[in-house]
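> Questions regarding the structure given below will be posed in turn.
The values are calculated or read from the model by the stated rules, or taken from the named source; none is laboratory data. Remember, predicted model here, so these are calculated numbers, not experimental data. Ideal geometry is used to build each Cβ from the backbone, glycine not excepted, and the neighbour counts take in all protein chains shown.
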Amino acid sequence: MSTDGVTDGVADGDEPKLNLQSYLPYRMAVLSEVVAQGLARQHLNRFHIAIPEWRVLATLGAFSPLTAKAIGQHSRMHKTKVSRAVTALEARSLLRSEVSPHDRREINLWLSEEGQELYRQIVPLAHAYQAEIVAGIDPQDLETMTRTMEIIFQRADA
């Protein structure tokens, strides 16, 4: 198996093709989606929360107050996804908003009392889900994975 994700299965004269099973960006994107869908299936669906809404809720739970733009920067979500998630959360009264006193063009967002309560209910479930999916993995391997992911993040974000 190639580590560059390109050379596997390339015959002389053929165009290079990606071997998606060894192409790290593809594998990481698929893994991210599988993990997020698993969290949704096991925990978020019962609260009628979609994955983008959870990401906004979690970001505001950790960093409030934020503008929608700042939520996108923290979560790396596209602005239209953030906007749709914010709209859905506002429709359920899970967010509060207020014009920024520093820049009247910006709207600061917080979790409402209902949003904070929902966040408090989901956080332990999210921790349990994480524990479930890493159960049986050697702690040193997890630490190595965490360090490696941080290195990749820094390089990809440069």
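> Out of the residues in the stretch 44-66 that are within 21 Å of Glu113 (Cβ to Cβ) and not hydrophobic (A, V, I, L, M, F, W, C), state the one that is modelled with the lowest pLDDT.
So in the stretch 44-66, the residues within 21 Å of Glu113 (Cβ to Cβ) come out as 44, 46-49, 53-66.
Okay, now just the ones that are also not hydrophobic (A, V, I, L, M, F, W, C), so 46, 48, 53, 55, 59, 61, 64-65.
Values: Arg46: 96, His48: 96, Glu53: 98, Arg55: 97, Thr59: 98, Gly61: 97, Ser64: 90, Pro65: 94.
Ranking the candidates gives Ser64 first.
> Identify all residues within the stretch 123-136 that are within 19 Å of Ala36 (Cα to Cα) and not polar (S, T, N, Q); write none if there are none.
The answer is Val123, Pro124, Leu125, Ala126, His127, Ala128, Tyr129, Ala131, Glu132, Ile133, Val134, Ala135.
> Criterion first (outside the structural domain of Asn19 (by TED's automatic domain parsing), surrounded by fewer than 17 Cβ atoms within 10 Å (Cβ to Cβ), farther than 30 Å from Leu20 by Cβ and in contact (Cβ under 8 Å) with a residue 24 or more places away in the chain) does Glu113 satisfy it?
Values: outside the structural domain of Asn19 (by TED's automatic domain parsing): yes; surrounded by fewer than 17 Cβ atoms within 10 Å (Cβ to Cβ): yes; farther than 30 Å from Leu20 by Cβ: yes; in contact (Cβ under 8 Å) with a residue 24 or more places away in the chain: no.
No: the conditions fail for Glu113.
> Which one of these does Arg46 not meet: (1) closer than 29 Å to Asp157 by Cα; (2) charged (D, E, K, R); (3) out of contact with any Lys or Arg (no Cβ under 9 Å at 6 or more places or on another chain)?
Arg46 satisfies every listed condition except (1).
> So which of Ile151, Ile133 is in a helix (DSSP H, G or I), farther than 19 Å from Pro65 by Cα, within 17 Å of the chain's Cα centre (by Cα) and of a type in the set (A, V, I, L, M, F, W, C)?
It is Ile133.
> For the stretch 35-51, name all the residues that are in contact with a Leu (Cβ under 8 Å, 6 or more places away or on another chain) and under 17 Å from Arg84 (Cα atoms).
Ile49, Ala50, Ile51
> Also: Return the residues of the stretch 116-127 that are touching a residue at least 24 places away in the same chain (Cβ under 8 Å), farther than 16 Å from Ser93 by Cβ and not β-branched (Val, Ile, Thr); say none if nothing qualifies. Show your work before the answer.
Keep residues of the stretch 116-127 that are touching a residue at least 24 places away in the same chain (Cβ under 8 Å), which gives 116, 118-119, 121-123, 125-126.
Remaining after also requiring farther than 16 Å from Ser93 by Cβ: 122-123, 125-126.
Within the stretch 116-127, Leu125, Ala126 qualify.
> Oh, and also: When you look at Val56, is it among the β-branched types (Val, Ile, Thr), surrounded by fewer than 12 Cβ atoms within 10 Å (Cβ to Cβ) and either assigned to a helix (DSSP H, G or I) or in contact (Cβ under 8 Å) with a residue 12 or more places away in the chain (or both), yes or no?
In short, no.
> Tell me the residue from Pro65, Pro52 that is assigned by TED's automatic domain parsing to the domain that holds Ser100 and within 12 Å of the chain's Cα centre (by Cα), please.
Sole residue among the options that is assigned by TED's automatic domain parsing to the domain that holds Ser100 and within 12 Å of the chain's Cα centre (by Cα): Pro52.
> Could you run through the stretch 79-122 and say how many residues are in a helix (DSSP H, G or I) and touching a helix residue (DSSP H, G or I) at 6+ places or on another chain (Cβ under 8 Å)?
Within the stretch 79-122, the subset in a helix (DSSP H, G or I) is 79-91, 113-122.
Applying the additional criterion that residues be touching a helix residue (DSSP H, G or I) at 6+ places or on another chain (Cβ under 8 Å) yields 79, 81-86, 88-89, 115-116, 118-119, 121-122.
Going through the stretch 79-122 one residue at a time, the tally reaches 15.
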